[in-house]
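To start, the structure itself, in structure tokens.
Coordinate-derived values only; no laboratory data. As the structure is a computational prediction, the values presented were derived from the model and not from experiment. Cβ: placed from backbone, ideal geometry, glycine included. Neighbour counts: every protein chain shown.
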Amino acid sequence: MNSVRAGWWFALGIMLLAAFPAIAAEKPLNISLFPPIAIAQPSEGVSAFRLDLIYGKNTSVKIVDLGLVNQTTAASNGLQWGAINYNEGETNGIQLGFINYDKGKAGGLQWSGFNYAGTAGGLQLAFINYAESLQGFQIGVLNIAKTGGMFPFMVIANWKK
């Protein structure tokens, strides 16, 4: 039993050592009241965890992004959980909120009251889903896919053609 536990600790240590160069290139943590009152400035990325007390803006956030209003200008990977999630670039992972707005490609799960994606590549789950280009699946009261959907406008569900 102890050798198994030691093996897990050893594997975790090796993983952390391998991740240090990537973490050094970005800020591992950001706590933001609103820009510029934050640990990491809007022009920097966050490699592990961001907490936005009111509003946070960074180029990218990896792993966990929590807050009232969350904004990334390049990429969001992992869990993004806020009242409003706004991404100008690519999003991969899980987005939970009242409004999820992704200008670029959204891969993974978008779950909210209203979802918008430039390109929806995963599952959109909301009352209203809108995709400029649908490459995934939409479930909601109202589903709109400008291009790529089986139907341009559908109730309950819509999917890639």
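Residue-level check: of (1) out of contact with any Ser or Thr (no Cβ under 8 Å at 6 or more places or on another chain); (2) of a type in the set (A, V, I, L, M, F, W, C); (3) buried (at least 24 other Cβ atoms within 10 Å of the Cβ), VAL69 misses just (3).
Number of residues in the range 77-118 that are acidic (Asp, Glu), part of a strand (DSSP E or B) and surrounded by fewer than 24 Cβ atoms within 10 Å (Cβ to Cβ): the value is 1. Give me a count of the residues in the range 119-136 that are over 17 Å from GLY78 (Cα atoms) and either out of contact with any Phe, Trp or Tyr (no Cβ under 9 Å at 6 or more places or on another chain) or buried (at least 20 other Cβ atoms within 10 Å of the Cβ) (or both). Number of matching residues: 9. Checked against the criterion of being of a type in the set (Ser, Thr, Tyr), under 27 Å from GLN124 (Cβ atoms), touching a strand residue (DSSP E or B) at 6+ places or on another chain (Cβ under 7 Å) and without any contact (Cβ under 8 Å) to a residue 24 or more places away in the chain, the range 31-45 contains not a single residue that satisfies it.
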